[in-house]
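Written out below as structure tokens is the structure these notes cover.
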Amino acid sequence: MAQSSTFPEVVELNVGGQVYVTRFETLTAVPRSLLWTKFTQHTPADLPKDSKGRFFFDRDGFLFRYILDYLRDSELFLPEFFKERKRLQREADFFQLPELSRRLAAASKDSSSAEDSGEPEEVELTSPVTSSSSSDRPLRSPGGNSGYITIGYRGTYTIGRDIQADAKFRRVARITVCGKISLTKEVFGETLNESRDPDRPPDKYTARYYLKYNFLEQAFDRLAETGFHMVACNSTGTCSYGSNDPSEDKLWTSYTEYVFCR
């Protein structure tokens, strides 16, 4: 069977192990950049892919989110106290984005001056790709597209007659993820288990994914690293006895959800 010579409208990337889902027009937004060259001067068969068919780039997966932000909106807001400007500039050089690289170099000098004066500030980096004024553009949170992700888990534990001594907890069996497909893939990448809801389009939503993590804190750390913060939490619990004997240990089952926003 002949392979397609054109790229899809929605493209999945694996950058250093981090999965990103974006539009073809975003990747080709800056003429003569590396991504523009790869995706306009080559065919899909020419580019390396991972085991799931995503286009693979062996670069810093964490910093690529800022490269993608710049391509999406022709501007970039770095978080306060951002310590990776030089490394991000190196990524900008690799992806052949000279204007972004120049502005990062200037921002690094401004940041050094601000740190010396004790006045750190957020840095806005813009590109001449678009002619619209920056005042017409919404302020974007660092890390990518905005949206909500809900993390849920179900746990069980028993409480004996001596509550303080007999409480026995079981580890979290499964951490579920609810949200937009493209957003959940961007945040959790290969740690996201898609087996319960495979092949759903990136612009759709799911409540059936779960994580390969064993600890909630691993999911929370990942969400914090990608610019999310918790906005709500809800928990419910039920209690049952192992038998009709009230002296038996009580078995509690609880379900908790944490809502994160970016």
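Give the residue that is farthest from Thr22 (Cα to Cα), with candidates limited to residues of the range 166-188 that are hydrophobic (A, V, I, L, M, F, W, C) and either at pLDDT 85 or above or open to solvent by less than 10 Å² (accessible area, probe 1.4 Å) (or both).
Ile175
Give just the number: which of (1) modelled with pLDDT of 95 or more; (2) within 20 Å of the chain's Cα centre (by Cα); (3) of a type outside the set (Lys, Arg) does Phe94 not satisfy?
(2) is the only condition that Phe94 fails.
So which residues in the range 50-95 are farther than 17 Å from Val21 by Cβ and in a strand (DSSP E or B), if there are any at all?
If the condition is that a residue be farther than 17 Å from Val21 by Cβ and in a strand (DSSP E or B), then Glu75, Leu76, Phe77, Leu78 are the ones that fit.
When you scan the range 61-70, do you find a residue that is under 23 Å from Leu192 (Cβ atoms), in contact with a Ser or Thr (Cβ under 9 Å, 6 or more places away or on another chain) and of a type outside the set (Lys, Arg), even just one?
First, pick out the residues of the range 61-70 that are under 23 Å from Leu192 (Cβ atoms): 61-69.
Imposing the further condition that a residue be in contact with a Ser or Thr (Cβ under 9 Å, 6 or more places away or on another chain) reduces the set to 62, 65, 68.
Add one more test, that the residue is of a type outside the set (Lys, Arg), and what stays is 62, 68.
Yes, the conditions are met somewhere in the range 61-70.
Is one or more of the residues making up the range 4-12 under 16 Å from the mean Cα position of the chain (by Cα) and open to solvent by 10 Å² or more (accessible area, probe 1.4 Å)?
Yes: one or more hits.
Within the range 89-104, track down each residue that is surrounded by fewer than 18 Cβ atoms within 10 Å (Cβ to Cβ), under 20 Å from Lys38 (Cα atoms) and charged (D, E, K, R).
Within the range 89-104, Arg90, Asp93, Glu99 qualify.
Looking only at the range 22-36, which residues are more than 17 Å from Glu99 (Cα to Cα) and surrounded by 19 or more Cβ atoms within 10 Å (Cβ to Cβ)?
Of everything in the range 22-36, just one residue is more than 17 Å from Glu99 (Cα to Cα) and surrounded by 19 or more Cβ atoms within 10 Å (Cβ to Cβ), namely Thr22.
Run Ala219 past the list (1) of a type in the set (A, V, I, L, M, F, W, C); (2) over 29 Å from Pro8 (Cα atoms); (3) in a strand (DSSP E or B) and report the number of the one that doesn't hold.
Just one mismatch for Ala219, condition (3).
Just name the residue that is modelled with the lowest pLDDT out of those in the range 199-248 that are acidic (Asp, Glu) and within 13 Å of Ile175 (Cβ to Cβ).
Filtering the range 199-248 for residues that are acidic (Asp, Glu) and within 13 Å of Ile175 (Cβ to Cβ), the one modelled with the lowest pLDDT comes out as Glu217.
If I ask for residues that are small (Gly, Ala, Ser) and either open to solvent by 60 Å² or more (accessible area, probe 1.4 Å) or at negative phi (or both), which ones from the range 54-88 would you list?
Selection gives Gly61 alone.
Considering only residues of the range 189-216 that are of a type in the set (A, V, I, L, M) and part of a strand (DSSP E or B), which is surrounded by the fewest Cβ atoms within 10 Å (Cβ to Cβ)?
Ala207
When you go through (1) at pLDDT 90 or above; (2) open to solvent by less than 10 Å² (accessible area, probe 1.4 Å) one by one for Ala107, which number turns out not to apply?
For Ala107, the exception is condition (1).
The values are calculated or read from the model by the stated rules, or taken from the named source; none is laboratory data. Predicted, not measured: the structure shown is a model, and the values here were computed from it. When we count neighbours, we look across all protein chains shown, and the Cβ atoms used for this are built from the backbone with ideal geometry, even at glycine. Side chains are part of the model used for accessible areas, which takes the heavy atoms of the whole protein and leaves out ligands, DNA and RNA. Shrake-Rupley method; radii C 1.70, N 1.55, O 1.52, S 1.80 Å.
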